[in-house]
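> The following block contains the structure, expressed as structure tokens.
Computed from the coordinates by the stated procedures, all read-outs in this text should not be read as laboratory data. Just so it is clear, the model here is predicted, and its values are computed rather than measured. Cβ placement follows ideal geometry from the backbone for every residue including glycine, while neighbour counts extend to all protein chains displayed.
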Amino acid sequence: MATLLLIDDDEATLCSLKRLLELEGHVVHTARDGYEGMKRVAACGPDAILVDVRMPIANGLVFLRALRSHPRHAWTPVAVITGDYFLEQSVSDELMRLGAAIYFKPLWLSNLTEIVERLVGRNG
């Protein structure tokens, strides 16, 4: 199974996704914003990352830019998980340019499992 990092400012979302992914056998680390997420990346070296876009302090785009600037993590698979169905085209374009797949909340277990399989399959 994979080592995953979840980054979201919503505690309920973090707890739910973490629990679902752990039930699937994954090791899951969490962070509440992009800065904390970068610290967790350095500490746990995740196989894949799932990150929200809209967060205070450091949003998903700030996190992804920082992640891609580190050679060791330039190719770490990332999925953006957002409830914002009206992402600006420029934000969406940049997320994709930075190598992130975009998925929308809410997610069912089968959706989450497929996303992680795609991400880890890219990495392995």
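> If you bin every alpha carbon distance in region 60-114 into 5 Å steps from zero, what whole percent lands in each bin?
Going from the shortest bin to the longest, the percentages are 4, 18, 29, 21, 17, 10, 1.
> With unit charges on the beta carbons (Lys and Arg positive, Asp and Glu negative) and the dipole taken about the Cα centre of the chain, which residue among Thr76, Ile49, Phe104 sits farthest to the positive side?
So the residue furthest toward the plus end is Thr76.
> May I ask you to compute the full-extension gain from Glu114 to Glu24, defined as 0.36 nm times their residue separation minus their alpha-carbon distance, rounded to one decimal in nm?
Using 0.36 nm per residue and subtracting the Cα-Cα distance, I get 31.2 nm.
> Quick one: dipole size for the chain, taken about the Cα centre, charges +1 on Lys/Arg Cβ and -1 on Asp/Glu Cβ, in debye to the nearest 20.
380
> Region 3-123: D in µm²/s via Stokes-Einstein (Kirkwood Rh, Cα pairs, 20 °C, 1.002 mPa s)?
Calculated translational D: 153 µm²/s.
> For the chain, give me the percentage of DSSP beta bridges that are antiparallel, rounded to the nearest 5 percent.
0
> Can you give the extra length, in nm with one decimal, that the chain gains between Glu88 and Cys44 once fully stretched, where that is 0.36 nm per residue apart less the Cα-Cα distance?
12.7 nm
> What's the exposure ranking of Ile7, Ile102, Ile57, Ile81, going from fewest to most Cβ atoms within 10 Å?
Ile57, Ile102, Ile81, Ile7
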